[in-house]
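Taking it in order: structure first as structure tokens, then the write-up.
The values are calculated or read from the model by the stated rules, or taken from the named source; none is laboratory data. This structure is a prediction, so every number in the text was calculated from the model and none was measured. Cβ placement follows ideal geometry from the backbone for every residue including glycine, while neighbour counts extend to all protein chains displayed. When the accessible area is computed, the model is the full protein with side chains, heavy atoms only, and any ligands, DNA or RNA have been set aside. Shrake-Rupley method; radii C 1.70, N 1.55, O 1.52, S 1.80 Å.
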There are 2 protein chains.
Amino acid sequence: MLEAFDIVARAVADRSRVRILKLLEPGELCVCQITAVLALAPATISKHLSVLKSAGLVFQRKQGRWVHYRLADRAVNPYALAMLIMIQERVGDDPALNEDRARLARVQSLSLETLCDQGAAAVDAVAFCQ
Amino acid sequence: MLEAFDIVARAVADRSRVRILKLLEPGELCVCQITAVLALAPATISKHLSVLKSAGLVFQRKQGRWVHYRLADRAVNPYALAMLIMIQERVGDDPALNEDRARLARVQSLSLETLCDQGAAAVDAVAFCQ
DNA sequence: AATTCATTTCGCCGAAGGGCGAAATGAAGA
DNA sequence: TCTTCATTTCGCCCTTCGGCGAAATGAATT
């Protein structure tokens, strides 16, 4: 029990991972989309997602070349859902998170093909055009 | 906001600190009592308490030679109380925590004077006598 | 079967964090 | 004022963890 709570607590005790959880609130996202928003190396994002998945905070769905992640909606870890709800309800207005949401909007205006080819550069290009 | 959540999350992302929070649920305790239960160095316990205090999870009260800590009951950090409630309601039956509670009972059967003089050894002596 | 390519795994680096002993602090008592 | 002593702070060690590039994986396409 302590062990299970500890896994969830350690998982959310990192800004990048909380940013990912907040990004996933509106719906599932592809790894490359998350990577483009956070502007970190794919290896880093993959590691974060693996930690979140192990904690039962996110689920994974593979479709074609891409892997989509979404917030957990079923209790794998008894503390995961409660923690997600807490983050959802209480962690709201924040400069970094608002920035992420704006960036996500631009990311989602691109096809996955374009995004994977161009990476974060394409996102900045969209920002420039608007 | 993200910053504030991060501080609380990192504070509870450690087994020793969660054990301390669970110990404090029935009521305030002296530093030496917590030290005797967890069987860690006073310096270590003090550091943990400082982290919990900075996160707004515990309050401090000085009385004579001793310092008493208790769970926060007023919102210093907007996430602290919610996290405490979550830990209180959901983190329950666990071998380590049960062990701590049993050890706490023995600790509380000693006066602070005896406890501070003898340390953890006195606690083991009580266990032996019962 | 070979290629492409999004994702993951591996190995490494530097920073952060838990643990302790020793020294500092500071309040109570002599 | 001087001593005592619970607690805290400081410095150090060692482990854990976030980050990255390079290599491995594995599914889809040619």
Query raised in the report: What number goes with the only condition from (1) open to solvent by 50 Å² or more (accessible area, probe 1.4 Å); (2) not in a loop (DSSP other than H, G, I, E, B) that A:M83 does not pass?
Result: (1)
**Report entry** Residue check for B:L71: aliphatic (A, V, I, L, M), within 9 Å of the chain's Cα centre (by Cα), open to solvent by less than 10 Å² (accessible area, probe 1.4 Å) and away from every other protein chain (no Cβ under 12 Å)
**Finding:** no
Query raised in the report: Any idea which of (1) touching a residue at least 60 places away in the same chain (Cβ under 8 Å); (2) part of a loop (DSSP other than H, G, I, E, B) is the one B:D100 doesn't satisfy?
Result: (2)
Query raised in the report: In segment B:10-39, how many are in contact (Cβ under 8 Å) with a residue 24 or more places away in the chain, within 11 Å of DNA strand D (Cβ to nearest atom) and of a type outside the set (D, E, K, R)?
Result: 8
Report task. Could you list, in sequence order, all residues of segment A:8-27 that are within 15 Å of DNA strand C (Cβ to nearest atom) and assigned to a helix (DSSP H, G or I)? Result -> A:A9, A:R10, A:A11, A:V12, A:R15, A:S16, A:R17, A:V18, A:I20, A:L23
Query raised in the report: Which residue pairs have Cβ atoms closer than 6 Å, lie 6 or more positions apart in sequence or on different chains, and pair a first residue in segment A:41-52 that is near DNA strand C (Cβ under 8 Å from one of its atoms) with a second residue that is assigned to a helix (DSSP H, G or I)?
Result: A:P42/A:T35; A:I45/A:I34; A:I45/A:T35
Query raised in the report: Any residue in segment B:48-57 that is among the basic types (K, R) and buried (at least 17 other Cβ atoms within 10 Å of the Cβ)?
Result: no
**Report entry** Every pair of residues 6+ apart whose Cβ atoms lie under 8 Å, when the first sits in segment A:63-74 and is farther than 20 Å from A:K22 by Cα while the second is within 16 Å of DNA strand D (Cβ to nearest atom)
**Finding:** A:W66/A:C30; A:W66/A:V31; A:W66/A:C32; A:W66/A:L112
Query raised in the report: Do we find a residue being part of a helix (DSSP H, G or I) and within 14 Å of another protein chain (Cβ to nearest Cβ) anywhere in segment A:105-115?
Result: no
**Report entry** Residues of segment B:1-39 classified as out of contact with any helix residue (DSSP H, G or I) (no Cβ under 7 Å at 6 or more places or on another chain), of a type in the set (A, V, I, L, M) and away from chain A (no Cβ under 14 Å), total
**Finding:** 1
Query - Number of positions in segment B:40-64 that are within 14 Å of chain A (Cβ to nearest Cβ) and among the aliphatic types (A, V, I, L, M) - result: 4
